[in-house]
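I have placed the structure first, in the form of structure tokens, so that the comments after it can refer back to it.
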Amino acid sequence: MFLPMNDKQFGFWKMRRSGMSNVSIADHIGITRQGVSQALLAMDEKIDASLREMACANRIQIEKIDVKQGVLSGKSIPFQTNAYIFVSEKHGMQVWYEHDGDCKACDEFTRCIEFIWDFASELGIEIEKTADPTKMAEELLTKIRERVK
């Protein structure tokens, strides 16, 4: 499923994820609370469906979904490790697997650090700045697990 990241509903969803109440969103945009609630319900359904489809496509057994945060956690069946799917405004849908790797030798080193910083920022999570993406990812995932309902 395609997530309409430029859609008004997605904009409302991002505002709610950043901590704004429905009333504040309605006041900010200039529409009714009911309009915001309806838009958020529709967006929540789209995000839920997208996270589930991505989990199915990547053979991830779902453990928890938090549509308000845009996070799915589960277990990768083929890799037998914890897996996460994230909805990021800047990076779209991302699938991450817990693993031990040699980050400095990886071609994705810079992209990983950028994603970790961006996603932490989108969620309003502060993480310690280090040169090791594995440590930053572990800290981010720990804080996300504390939040996911």
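Worth pointing out:
- Within segment 75-91, the set of residues being assigned to a loop (DSSP other than H, G, I, E, B) and without any contact (Cβ under 8 Å) to a residue 24 or more places away in the chain comprises Ile77, Pro78, Phe79, Gln80.
- Of all the listed residues (Ile125, Ile116), the sole one being touching a helix residue (DSSP H, G or I) at 6+ places or on another chain (Cβ under 6 Å) and free of Cβ contacts under 8 Å to residues at least 24 places away in the same chain is Ile125.
- Residue tally, condition surrounded by fewer than 12 Cβ atoms within 10 Å (Cβ to Cβ) and part of a helix (DSSP H, G or I), over segment 92-116: 3
- Some residue of segment 52-75 being at pLDDT 90 or above, more than 25 Å from Pro4 (Cβ to Cβ) and touching an Asp or Glu at 6+ places or on another chain (Cβ under 9 Å): yes
- Within segment 101-149, the only residue that satisfies the criterion of being among the hydroxyl-bearing types (Ser, Thr, Tyr) and under 16 Å from Arg17 (Cα atoms) is Ser121.
- For segment 76-87, a residue qualifies if it is over 13 Å from Asp44 (Cβ atoms) and surrounded by 15 or more Cβ atoms within 10 Å (Cβ to Cβ), and the qualifying residues are Ser76, Asn82, Ala83, Tyr84, Ile85, Phe86.
- Within segment 48-70, the set of residues being in contact with a helix residue (DSSP H, G or I) (Cβ under 6 Å, 6 or more places away or on another chain) and part of a strand (DSSP E or B) comprises Ile62, Ile65.
- Members of segment 4-61 that are of a type in the set (Ser, Thr, Tyr) and either touching a residue at least 12 places away in the same chain (Cβ under 8 Å) or under 30 Å from Thr81 (Cα atoms) (or both): Ser18, Ser37, Ser50
- Just one of the listed residues (Gly11, Gly35) is of a type in the set (Gly, Ala, Ser), under 16 Å from the mean Cα position of the chain (by Cα), surrounded by 13 or more Cβ atoms within 10 Å (Cβ to Cβ) and in a helix (DSSP H, G or I), and it is Gly11.
- Where Ala42 falls short, out of the listed (1) buried (at least 17 other Cβ atoms within 10 Å of the Cβ); (2) in contact with a helix residue (DSSP H, G or I) (Cβ under 6 Å, 6 or more places away or on another chain): (1)
- Test: residue in segment 117-128 that is in contact with a His (Cβ under 6 Å, 6 or more places away or on another chain), assigned to a helix (DSSP H, G or I), modelled with pLDDT under 95 and not acidic (Asp, Glu): no
- Selection of segment 14-32 for residues being assigned to a helix (DSSP H, G or I), farther than 18 Å from Phe119 by Cβ and either in contact with a Gly (Cβ under 7 Å, 6 or more places away or on another chain) or of a type outside the set (Ser, Thr, Tyr) (or both) yields Asn22, Val23, Ile25, Ala26, Asp27, His28, Ile29.
The values are calculated or read from the model by the stated rules, or taken from the named source; none is laboratory data. Quick caveat, the model's predicted, so the values are computed rather than measured. Cβ coordinates were reconstructed from backbone atoms using ideal geometry, including for glycine residues, and neighbour counts include every protein chain displayed.
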